[in-house]
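The values are calculated or read from the model by the stated rules, or taken from the named source; none is laboratory data. All figures in this text were calculated on a predicted structure; none of them were measured in a lab. Backbone-built Cβ (ideal geometry, glycine too); neighbour counts: all protein chains shown. Surface accessibility is based on the protein's heavy atoms, side chains included, excluding ligands, DNA and RNA. Shrake-Rupley method; radii C 1.70, N 1.55, O 1.52, S 1.80 Å.
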Amino acid sequence: MTDPAHAAHPAGPGDPNAPLSQVDATYGISRLTALPADGTHGTFELDLGGHEARRRAEVLAALGDTWDPVAALADEAAAQRLLYSGLDADQQATYDMLVAAGVLPPAGQD
């Protein structure tokens, strides 16, 4: 029997309500095998490579055409410099200790 909600709205990318069989047919990334007649145990195979490729495609689609990774990294480096600027003596000593321990990168190595 077909669920009316699925019949009215066919599964598309990212549809959490899509039946597994439809997701399998669309993406070919997972399947249920070796299901015994009593239904107590089965083997579920999951192709993580296919899922990862789909996840990356969805992330890039969500970021859109205007996302500039170079600018994003430059902004992140500027934020790091700002975060550790203007420290008082105690804060600077703590920062220096964390840099010496390898917890934080030295200033200028963003």
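Of the residues in segment 79-97, how many are surrounded by 13 or more Cβ atoms within 10 Å (Cβ to Cβ) and not hydroxyl-bearing (S, T, Y)?
Result for segment 79-97: 3.
Within segment 44-66, work out how many residues are within 29 Å of P105 (Cβ to Cβ) and surrounded by 11 or more Cβ atoms within 10 Å (Cβ to Cβ).
4
Is it true that some residue in segment 68-76 is open to solvent by 80 Å² or more (accessible area, probe 1.4 Å) and over 30 Å from L104 (Cα atoms)?
Checked segment 68-76: no residue is open to solvent by 80 Å² or more (accessible area, probe 1.4 Å) and over 30 Å from L104 (Cα atoms).
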